[in-house]
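See structure below.
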2 protein chains.
Amino acid sequence: MRAAVLTRFGGPEVLEVREVPDPVPADGHVVVRVTAAAVNNTDIWTREGAYGTAEDPGARSGWRGDIDFPRVQGGDIVGVVESVADDVDRSLVGRRVLVDPAFYDDHGHPVGLLGSEADGGFAERVAVAAARVHDVSGSALSDEELACLPVAYGTAMGMLERGGIGAGETVLVTGASGGVGVALVQLARARGAQVIALTTEAKRSRVAQAGAAVTLDRIQPVGAALARTAPGGLAAVLDVVGGPALPEILPRLRDGGRWVIAGAVGGHTVSLDLRRLYLHNIAVIGSSMHSPHHFDLLATEARRATFRPPVAARYDLADIHQAQREFVGRNHVGKIVIRPGTGR
Amino acid sequence: MRAAVLTRFGGPEVLEVREVPDPVPADGHVVVRVTAAAVNNTDIWTREGAYGTAEDPGARSGWRGDIDFPRVQGGDIVGVVESVADDVDRSLVGRRVLVDPAFYDDHGHPVGLLGSEADGGFAERVAVAAARVHDVSGSALSDEELACLPVAYGTAMGMLERGGIGAGETVLVTGASGGVGVALVQLARARGAQVIALTTEAKRSRVAQAGAAVTLDRIQPVGAALARTAPGGLAAVLDVVGGPALPEILPRLRDGGRWVIAGAVGGHTVSLDLRRLYLHNIAVIGSSMHSPHHFDLLATEARRATFRPPVAARYDLADIHQAQREFVGRNHVGKIVIRPGTGR
């Protein structure tokens with residue numbers, strides 16, 4: 001089969017589209033013929049080895065440490081079950097499935113990801129655990145829309161659940177035009193929260209369309225605007241940006257507020273005044289992807305199709321470098337989707 | 001009556017022991033004759049105005065902002081109900097009570113404290129809301145032991161509850177010989193957690209006596225010792241110290257671990273690598289005192305007397321400056337208690 005293979009840490013040149021052996025399903029596994037697979041930040045970070053380690057923040061590392069090259073990337077997988085291992089229910093064959101890309105520890109914490117700790121979906125076929133495929137045959141969403149969900153909307157669902165976001169609460173979403181950002185806006189809105197979104201001037205209307213009640217230009221100082229639009233204080237900040245905006249936004253959280261952080265594209269090392277946390281019962285909640293329970297909630301949303309994830313662009317597998325260039329350029333809103341089964 | 005009155009922000013000289021009018025109970029309030037009142041960090045910080053503000057970390061401020069001087073300090077109050085307002089149940093008169101010193105917002109977050117936002121217990125009498133007194137007439141603990149509980153053990157109970165600390169979990173307690181530190185050791189032990197305690201060489205045996213399974217000298221690098229004593233990682237760090245030890249301890253938390261912080265005597269501005277939080281589902285949970293529910297749990301422990309809070313020293317009200325000097329000297333383990341009703 002054809003696959004996009006990461007050969008080592010490095011620039012775009014270390015990602016090669018080439019022929020590789022078809023996957024064989026191990027016990028408890030199925031093989032999915034991939035119809036759509038979306039691009040995520042983690043693809044870029046893993047290629048660059050940009051996660052660092054606890055011991056050496058500058059070390060080249062995947063998010064859980066070393067990567068076993070060559071590695072097929074791609075954590076967002078939608079497709080059709082093509083074959084199953086002998087110990088797996090054969091009635092799965094032919095089903096349209098949404099794949100939960102996570103590997104979990106005994107406590108439901110993700111400790112691995114398809115495309116990082118095992119081969120992923122930038123390929124014509126992928127082997128996954130039968131327990132991780134969710135039947136979405138009846139969903140009104142297209143395969144490309146469904147492919148937007150696992151990593152970005154899974155991450156967003158994890159943030160909303162770990163932050164305990166409820167109806168009627170006012171939340172700030174940073175980086176609201178990105179994959180996780182749009183997911184946060186749509187999922188927070190779906191549970192009745194009021195969303196204030198930080199984005200760029202050029203993307204404000206598209207973020208409002210996704211469901212943000214208020215959009216703010218992120219290059220302006222936001223402190224005064226937040227005091228005006230959320231006079232009672234923010235219940236939560238749902239953040240994938242981190243970086244220098246933190247000291248200005250933190251004082252806008254109300255007592256008991258939650259700063260949920262799932263990424264730090266704006267800068268990962270921040271200076272924090274611990275007094276602002278402990279005097280006001282404020283929690284900074286690191287959120288890594290989702291738990292099995294969170295993914296169940298997401299699969300339910302996918303079947304209900306209560307919202308449509310915006311697909312910004314579609315590419316054939318052969319054009320994955322172009323897809324990643326567009327992704328890194330960040331002029332899009334929504335997800336960029338690869339179609340491994342077409343364009344051969 | 002006689003009281004220790006804070007006249008403005010400043011050094012020990014701004015705290016004056018003098019005659020003041022007796023308190024009169026407003027609607028819903030009772031007057032408690034104070035038999036014991038313990039010394040806390042917050043007394044010193046409030047006197048110095050050392051809390052800073054969100055806008056200006058160097059500003060002189062109480063923990064919630066301005067202080068209405070003159071102010072009687074003292075948040076740890078045990079005594080006997082002497083009189084009640086007309087609208088309060090008269091059967092409270094004569095009861096031995098433990099006073100919850102907090103004022104709460106509608107969500108149960110503390111927004112004020114006796115001794116800071118209203119007059120406290122470094123006085124012969126204090127007026128408090130009837131809803132905030134807890135009958136401990138039958139407790140086997142002495143008044144002086146009970147006076148150790150509200151602020152330090154209330155804060156510790158808030159930390160354990162907000163951090164979701166359960167039986168069988170391994171937790172690190174920093175500053176384990178201080179008021180909140182000893183409280184954390186005793187309360188964590190009481191719920192079946194395994195306690196590793198950071199303290200000074202001179203205090204290790206007294207901290208072990210309070211219930212720590214392992215004691216570590218805090219001036220040594222602790223990373224290697226923690227890897228050895230908690231090979232599966234820490235479930236939580238219960239921290240009142242903050243400061244420079246954080247980068248060494250944070251990597252020792254297991255996935256899903258909680259860093260619960262309720263003070264920062266070792267330094268309040270820290271540099272944090274957000275990746276270490278979000279890649280491992282680690283939360284930094286700011287914890288301010290307790291909620292009404294937390295104090296109910298504490299009053300239940302006080303009635304059961306499942307452990308005895310160590311009383312390090314006793315002083316008459318006239319000797320409060322000497323008590324605060326001993327407190328600031330930090331050669332004690334446990335609480336320093338003022339007896340306002342004696343030594344006149």
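Structural remarks
- Of the helices (runs of 4 or more DSSP H) lying entirely inside the stretch A:271-332, those containing at least 1 residues that are within 14 Å of chain B (Cβ to nearest Cβ) and either modelled with pLDDT under 95 or open to solvent by less than 10 Å² (accessible area, probe 1.4 Å) (or both) span A:274-278.
- Pairs, first in contact (Cβ under 8 Å) with a residue 40 or more places away in the chain in the stretch B:135-155, second among the aromatic types (Phe, Trp, Tyr), C-beta under 8 Å, six or more apart: B:150/B:295; B:154/B:295
- Condition met for residue A:36 (away from every other protein chain (no Cβ under 14 Å), assigned to a strand (DSSP E or B) and in contact (Cβ under 8 Å) with a residue 40 or more places away in the chain): yes
- Among the candidates A:8, A:33, residue that is in contact with a strand residue (DSSP E or B) (Cβ under 7 Å, 6 or more places away or on another chain), surrounded by fewer than 20 Cβ atoms within 10 Å (Cβ to Cβ) and in the same structural domain as residue A:75 (by TED's automatic domain parsing): A:33
- Filtering the stretch B:119-154 to residues that are within 14 Å of the chain's Cα centre (by Cα) and surrounded by fewer than 23 Cβ atoms within 10 Å (Cβ to Cβ) leaves nothing.
- Test: residue in the stretch A:128-147 that is closer than 24 Å to residue B:275 by Cβ, in a strand (DSSP E or B), touching a helix residue (DSSP H, G or I) at 6+ places or on another chain (Cβ under 6 Å) and in the same structural domain as residue A:20 (by TED's automatic domain parsing): no
- Residues being open to solvent by 10 Å² or more (accessible area, probe 1.4 Å), among the small types (Gly, Ala, Ser) and either within 14 Å of chain B (Cβ to nearest Cβ) or in contact with an Asp or Glu (Cβ under 7 Å, 6 or more places away or on another chain) (or both) - total across the stretch A:87-108: 1
- Among all positions in the stretch B:41-57, there is at least one residue which is within 28 Å of residue B:329 (Cα to Cα), of a type in the set (Phe, Trp, Tyr) and open to solvent by 20 Å² or more (accessible area, probe 1.4 Å).
A quick yes/no check of all residues on (1) of a type outside the set (Lys, Arg); (2) at pLDDT 95 or above; (3) closer than 29 Å to residue A:325 by Cβ; (4) touching a Phe, Trp or Tyr at 6+ places or on another chain (Cβ under 6 Å):
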residue	(1), (2), (3), (4)
A:19	yes, yes, yes, no
A:26	yes, yes, no, no
A:29	yes, yes, no, no
A:53	yes, no, yes, no
A:71	no, yes, yes, no
A:78	yes, yes, yes, no
A:107	yes, no, no, no
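- If you go through the stretch A:210-232 and keep only what is of a type in the set (Val, Ile, Thr), under 19 Å from residue A:184 (Cβ atoms) and under 25 Å from the mean Cα position of the chain (by Cα), you end up with A:214, A:215.
- Counted residues, the stretch B:60-86 - those being touching a Pro at 6+ places or on another chain (Cβ under 8 Å), part of a loop (DSSP other than H, G, I, E, B) and surrounded by fewer than 22 Cβ atoms within 10 Å (Cβ to Cβ): 1
- Residue in the stretch B:161-183 that is without any contact (Cβ under 8 Å) to a residue 40 or more places away in the chain and more than 24 Å from residue B:285 (Cα to Cα) present: no
- Single match in B:298, B:317, B:277 (criterion: over 24 Å from residue A:254 (Cα atoms) and not assigned by TED's automatic domain parsing to the domain that holds residue B:45): B:298
- The residues of the stretch A:195-206 that are open to solvent by less than 80 Å² (accessible area, probe 1.4 Å) and among the polar types (S, T, N, Q), listed by number, are A:199, A:200.
- Pairs where the first residue, in the stretch A:319-332, is touching a residue at least 60 places away in the same chain (Cβ under 8 Å) and the second is assigned to a loop (DSSP other than H, G, I, E, B), C-beta under 7 Å, 6+ apart: A:320/A:122; A:323/A:39; A:324/A:39; A:327/A:39
- One residue stands out among those in the stretch B:39-58 that are among the acidic types (Asp, Glu) and free of Cβ contacts under 8 Å to residues at least 40 places away in the same chain: the one that is nearest to residue B:123 (Cα to Cα), which is B:48.
- Considering the conditions (1) in contact (Cβ under 8 Å) with a residue 24 or more places away in the chain; (2) of a type in the set (Ser, Thr, Tyr); (3) open to solvent by 20 Å² or more (accessible area, probe 1.4 Å); (4) closer than 23 Å to residue A:14 by Cα, residue A:116 is excluded by exactly one of them, (3).
- Scanning the stretch A:39-59 for residues that are away from chain B (no Cβ under 14 Å), of a type outside the set (S, T, N, Q) and in a loop (DSSP other than H, G, I, E, B) gives a single hit, A:39.
- Residues located in the stretch B:273-295, provided they are of a type outside the set (Val, Ile, Thr) and farther than 17 Å from residue B:113 by Cα: B:273, B:274, B:275, B:276, B:277, B:278, B:279, B:280, B:281, B:283, B:286
- Test: residue in the stretch A:223-244 that is farther than 30 Å from residue A:52 by Cα, in a loop (DSSP other than H, G, I, E, B), modelled with pLDDT under 90 and among the hydrophobic types (A, V, I, L, M, F, W, C): no
- Enumeration of residues in the stretch A:315-335 that are closer than 21 Å to residue A:176 by Cα and of a type outside the set (Val, Ile, Thr): A:323, A:324, A:325, A:326, A:327, A:329, A:330, A:331, A:332, A:334, A:335
The values are calculated or read from the model by the stated rules, or taken from the named source; none is laboratory data. Quick caveat, the model's predicted, so the values are computed rather than measured. Cβ: placed from backbone, ideal geometry, glycine included. Neighbour counts: every protein chain shown. Ligands, DNA and RNA are excluded from the accessible area calculation, which covers all protein heavy atoms including side chains. Shrake-Rupley method; radii C 1.70, N 1.55, O 1.52, S 1.80 Å.
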